[in-house]
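What follows is a single structure, written as structure tokens, with notes after it.
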Amino acid sequence: MNFDYFDRPTNRKGRSSVKYDGRRAFFGTDDLLPMWVADMDFMVPPAVIEAAEEFSRFGVFGYTFRPESSLEAFAEWCQLRYDWRPNLKWMTSSPGIVTALSLAVDVFSSKGDKIMISTPVYPPFHSIVKDFERELVTCDLYLDAEGRYTYDFDAFEKQLASGVKIYILCNSHNPVGRVWTKEELSKIGKLCLKHGVLIFSDEIHCDLALYGNKHTVMASISEEISAITITAMAPSKTFNIAGMMNSVMVISNDSLRSKFNKVLHKYHLELGNIFAHMTMEAAYRHGGEWLDLLKQYLEGNIDYTYNSLKSNLPTVTFYKPEGSFLLWLDFRQSGLSHKEVYDRLINVSKVGLNDGLSFGLSGEGFMRMNIGTQRAVLEDGLNKIINTFNSI
């Protein structure tokens, strides 16, 4: 396998794709290049296609459950990639991590309880807390002069100490691209232990650490931190199979896991999708080479974007993400207001990016760009943005 695999054009229009067929609903027009929602335009690993095709030919699609072999593949992947081997009995399922977060908020907090997030952060973290009538507590990440986000631990602890019940951790962080270090995660975990706060650790982007950065699983730091942590992982971002609706929750604390499973069964969400189970196992067993090549390709796309903007549109900048395929573009030096930037992207550049304000108030002046696409598509999108913003 080589880079040609990722350069192959894919036409996703007309296939019920949120990214392509959802443009009118989200942006009000179909006439733009979609570089927003966080899935990639690449063909999935060949082994995943083969697993789906093989079961499709079998032709019987009755009720199913996640086989133990699928969980073993996941555990072996975690051992190989993170030196962390979760016990199979700690694992439970959910159609997706957003679903799992909703269940966790429902089970482990009550109406009016405080739930904390570190902004700017993935929009469902905001909406789920509000939808369940909990009190949303935000603590902005600190943005240094180089554009790198870090924790302000004094502010973080002050907010935790106000009576927070759950902290929703984004590890690696969407949209700012930080792969939190073991030292940072250890501080977060110890502070949550000190103040009796449950951690929901969304680690969906864990496999996409770039440029030599290494992902650390929050629950791997210590048994004490593991006991207050719900680890949420999935093959969806890693292998571009979000449409399979499949994720793994790892909960070492027997009491927490029992309570989570009780509500999972209450809503009859435990069986899952047969194609999701088969493709997850195939991806974790046979997708390693594909993933390693993908990460090189993504680094190339990031470097290309960075150099193009630096040479042709230096008023728009970004800190190279340490993980994932999402760029947090800083338009604050463009000379335009946030609304003017967003309107210009849609109506003049004809490129659809995620509005930074949807990630929290600290996202003002920023837009999120998905570079998980063929280089030719990326070049087209960048040229559209450069040309229109240079004309100001």
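Any read-out appearing in this document is the output of simple, stated calculations on the displayed coordinates, not a laboratory observation. What you are looking at is a predicted structure, and each value in this text was computed from that prediction instead of being measured. Heads up, the Cβs are rebuilt from the backbone with ideal geometry, glycines too, and the neighbour counts pull from every protein chain shown.
Here the 3J(HN,Hα) profile of region 90-103, calculated from phi with Karplus coefficients 6.51, -1.76 and 1.60 at θ = phi - 60°, is 7, 8, 9, 10, 6, x, x, 6, 4, 4, 4, 5, 4, 4 Hz, Gly and Pro shown as x. Please identify, among D31, D202, D106, the residue showing maximal mean-square fluctuation in a Gaussian network model of the chain using a 10 angstrom Cα cutoff. Most flexible of the set in this elastic network: D31.
Please label the shape of the chain as rounded, prolate or oblate, based on the square roots a ≥ b ≥ c of the eigenvalues of the alpha-carbon gyration tensor (a/c under 1.5 means rounded; beyond that, a/b larger than b/c means prolate, else oblate). Cα axes put the chain in the oblate bin.
GNM on the chain, alpha-carbon springs under 10 angstrom: the most fluctuating residue among K182, K339, K165 is K339. One chain, two ends: S56 and N383. Fully extended at 0.36 nm per residue, the span grows by 113.6 nm beyond their Cα-Cα distance. In this Cβ point-charge picture (+1 for Lys and Arg, -1 for Asp and Glu), region 29-144 has a dipole of about 540 debye about its Cα centre. Computed from the Cβ-Cβ distance with R0 of 41 Å, the FRET efficiency linking T29 to I49 stands at 0.80. Close amide H partners of T317, meaning residues 5 or more places away or on another chain with modelled amide H under 5 Å apart, are D330. Close amide H partners of D113, meaning residues 5 or more places away or on another chain with modelled amide H under 5 Å apart, are E135. Using the Karplus relation 6.51 cos²θ - 1.76 cosθ + 1.60 with θ = phi - 60°, the per-residue 3J(HN,Hα) values for region 203-214 come to 10, 5, 9, 4, 6, 9, 5, 10, 6, x, 6, 10 Hz, with x marking Gly and Pro.
Ranked by how many other Cβ atoms sit within 10 Å of their own Cβ, fewest first, the residues R23, R85 fall in the order R85, R23. A cut-off of 5 Å between modelled amide H atoms, ignoring neighbours fewer than 5 places along the same chain, links G352 with L33, M35. Between rounded, prolate and oblate, where does region 217-298 land on the alpha carbon gyration tensor, with a ≥ b ≥ c its root eigenvalues, rounded for a/c under 1.5, else prolate if a/b exceeds b/c? Oblate, since a/c reaches 1.5 and b/c is not below a/b.
Between region 213-261 and region 152-205, how many Å separate their Cα centres? Going from one Cα centre to the other spans 15 Å. For region 1-147, what class follows from the C-alpha gyration tensor (a ≥ b ≥ c being the square roots of its eigenvalues): rounded when a/c is under 1.5, otherwise prolate if a/b is larger than b/c, else oblate? Cα axes put region 1-147 in the oblate bin. Rounded to whole numbers, the Karplus 3J(HN,Hα) couplings from phi for region 30-39 are 8, 8, 7, 8, x, 10, 10, 3, 7, 10 Hz, using 6.51 cos²θ - 1.76 cosθ + 1.60 with θ = phi - 60°, and x at Gly and Pro. Of the residues A104, L309, M369, the one whose Cα sits farthest toward the positive end of the charge dipole of the chain, with +1 on the Cβ of Lys and Arg and -1 on the Cβ of Asp and Glu, is A104. Between the listed residues Y167, M91, C139, the Cα displaced farthest toward the positive end of the dipole of region 89-206, a dipole computed from Cβ unit charges relative to the Cα centre, is found at M91. In a simple Cβ point-charge model (Lys, Arg +1; Asp, Glu -1; nothing else charged), region 98-201 has a dipole of about 260 debye relative to its Cα centre.
Residues considered: G177, G243, G363. Largest GNM mean-square fluctuation over the chain, using C-alpha springs under 10 Å, is found at G243.
Extending 7 Å from the Cα toward the beta-carbon at both K214 and R375 defines two label points whose distance is 3.0 nm.
Report the calculated FRET efficiency for D254 and D106 (r = Cβ-Cβ distance, R0 = 22 Å), to the nearest 0.05. The calculated FRET efficiency here is 0.65.
Under a model in which nothing but the beta-carbon of Lys, Arg (+1) and Asp, Glu (-1) is charged, the chain shows a dipole of about 600 debye around its Cα centre.
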